[in-house]
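Below: the structure, in structure tokens.
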Amino acid sequence: MRVKCQRWFLLMAIVGHSIMPQGCASPHVVQMIRDVITHKQWDYVTLLYTENNGLMTIVEAMQVLAGLVSSMSAAIIPLYRLQQLSLHFAQSDDKGTSDKQNIMYLRKPHYRAQFIIMWDIEGFTATFMNKASQLGLFTQQQEWLVLLPYNTTIKDMEHFLKDASIYIDSEVIVCHYDLETESFILREVWRVGKGKPFLEGPWGSWSADQRLITAPLENKYDRRKDMKGFHLRVATIVTMPYESLISDQRPQNFREGYVVDVWHTLQEQLNFTYTATNTLFGSLQADGITWNGMVGMLQTDEADVAVAPLSITKIRSISIDFTLPIQIVSTRLYIRRPILEGTWTLYTQPFSGYFWICIPISILVCAAVLLVLNWITVCLQMNDHIILPQEAFWVMFSGIVQQSTEIEPRPVSGKIVFFSGFWMGMILLTCYSAILVSILTTRQPQLPFKDFQGLLKQPDWNLGVRTNTALADSLALAAPNSPMRLSWEQFVGKDPVNNLPSNNDDALANVLKGKYAFFANKEYIIYRLQRKLPLRQAMNIVDTKSDFLKRGIGFGLQKGSPYKNIFNHMLWKMTQKGHINRMKRKWWPNIDRNPDPYYPTPGFKEVFTVFTILGGGMVLAIVFLVFEHFINMRRQHNNQSTDLTTQPNKSNPLL
């Protein structure tokens, strides 16, 4: 019997024999199953039904699905010869069971599906579950409810499923009936790896009075994080600052490095052991399918995890899985520092061109003000020293350039103008000297190119990239006629021995020889420059300041690995708590080695105070000019009064 609805969901339930002694079936089993379905929000149901199961009739089985078919797809399929059942994946979601006898079509593993199965002592359900295991149907996408018969334990179930891949990421709940409490006890089961015994933990219980009660359901990976010392086979590559080994193919043989710190933190939290084998990163082979190195070891089941700064790329993701990224890296071109060349405009760079124009204008303005004030004082008979225009200009120019002059403005107003120009010149000279020194110490040489397009215009250069890496693949597999692809064909192929080095030190040695560009991750090179190379050599290596690829690096896993989700869960928690950032700062305390080539060029906002001083000096000079004129007028008036009183005395002969 087949029930179809518009949505593409199928709820699977396999019903075998009774979970109670024959004739003692619980009348509440239907309600318990429906409560579990509702609680877990199952949406893809097929009920595999066998007659004389001692638990429920076909009518009761239909009641399990009642109320669900309005919003979900559901089905009941009779199984008469379970051992001969053949399982196949449907080609599309619309395809149901075949008309051919004993063939059942299933959804593919990456789709969500649910199974409710009754354990039978004859082993029919065990056969079905082992077949489902071979098809990869024990992931977090497939949820199973296994009903155990009376006097059957999880250990009995484990004996028949010793090869089933019910691992950490699986969703298998085992249910048995407790006669004393008259309730159903539900426990989850899993194993940490192949050949290991079942582990179990409480999931919930169901009774007629309280219905379904679930245990504290924190994240399942927090409940299953104890891997009981399970041994993982690790593929790696010795490359600092990420990892180094004590000895190859020896248990617990990582020494130090950023990736090692992250891995050992995971080990402390998950309680596993490992043995690391040194190899290559991995490169796609000529057949376009197989890989060598770490990726190849995961492909061929020679390793469980690749613990290395493995770049997460689309082409690698076809063959293996990745964890969450533990670092985002960028790639740059590294070359020998070019020789610093002089320039005719070097000493004009401290000030902008507009500002340079303002300086002579300021001198002319100051000279004109000084000339006018001096002329006014002469006209008002306050001063008998006439200053010529060229002398006024020379006085102000000498003041601004901080030099003395034989010509001296005698009125106080003129002295104030001179002092204002002198003060402005002192500030300008100090500012100019400071910025010029900054330019001389921080100026950068002219790079021959900044990107691959510029590199293509340098036919006498070489391009290096580390062999068997994602960066080599990114060049070799770049779009045809793109600058990266053309650079690979034109430069790398010219001398494969030198242009495909196996380590970073050989490549940096070629860079120091000159006319050699090395395409590498910035984080690799910064570490070598800061920690390993002599300072003089390190300062002779610069990058072109262009980021070409930004990608994450993470741990590699076998395709469909059961450890992907638990690793991701723990890495996410480490990131939230700040552990990842602290580990990065340990190995890269200062990732920006080169000084910032930018230097400040003052504009009007920066030197506004100079012109404020100049303007204030002009205003103050005019005020003092008026004050001097007033004093001079009073003095002349007093002199005239004195002359009038003394004149009669001189004319009187008696006196």
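Values as computed for the structure displayed
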item: C-alpha center-to-center spacing [region 322-391, region 551-586] in angstrom; result: 54 Å
item: Sequence of K155, K573, K494 when ordered by accessible area, the most exposed leading, probe 1.4 angstrom; result: K155, K494, K573
item: Potential lengthening between W375 and V437 on full extension [0.36 nm per residue; Cα-Cα distance subtracted]; result: 18.1 nm
item: Surface share of carbon and sulfur [accessible, 1.4 angstrom probe, percent] for region 175-263; result: 47 percent
item: Solvent-accessible area of T430 with every protein chain in place, 1.4 Å probe, in Å² to the nearest 10; result: 90 Å²
item: Among F397, L298, P325 - extreme Cα towards positive end, dipole of region 281-422, charges at beta-carbon; result: F397
item: FRET efficiency estimate (nearest 0.05) - Cβ-Cβ, L620 to I315, R0 56 angstrom; result: 0.15
item: In Å², nearest 10: area of L280 left accessible to a 1.4 Å probe; result: 70 Å²
item: Positive dipole terminus of region 200-343, leading residue within Y274, H264, L212 (C-beta point charges); result: H264
item: Cβ-placed point charges (K, R +1; D, E -1), dipole of region 398-481 about Cα centre in debye, nearest 20; result: 120 debye
item: Inter-label distance for R233 and E122, nm, one decimal - labels placed 7 Å from Cα along Cα-to-Cβ; result: 4.0 nm
item: Inter-label distance for T345 and K577, nm, one decimal - labels placed 7 Å from Cα along Cα-to-Cβ; result: 5.6 nm
item: Length-normalised contact order for region 315-452 - Cα pairs under 8 Å, 6+ apart - percent; result: 29 percent
item: Peptides ranked, highest mean first, by Cβ atoms within 10 Å: ranges 203-213, 165-175, 30-40; result: 165-175, 30-40, 203-213
item: Additional length obtainable on full extension of the chain from D178 to K515, 0.36 nm per residue less Cα span; result: 113.4 nm
item: Point-to-point label distance, Q458-E218, nm (Cα→Cβ direction, 7 Å offset); result: 5.6 nm
item: Rg(Cα)/(2.2 N^0.38 Å) for region 248-300, N = residue count; result: 1.38
item: Solvent accessible area, Å² - V59, 1.4 Å probe, full protein context; result: 90 Å²
item: Accessible-area ranking of K545, K220, largest first, probe 1.4 Å; result: K545, K220
item: Chain lengthening between R410 and Y354 when straightened (0.36 nm per residue, less Cα-Cα); result: 16.8 nm
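The values are calculated or read from the model by the stated rules, or taken from the named source; none is laboratory data. Predicted model, so just to flag it, every value in this text is computed and none were measured. Using ideal geometry, Cβ is built from the backbone for each residue, glycine included, and neighbour counts are taken over all protein chains shown. Remember, those area values only see protein heavy atoms, side chains included, never the ligands or the DNA or RNA. Shrake-Rupley method; radii C 1.70, N 1.55, O 1.52, S 1.80 Å.
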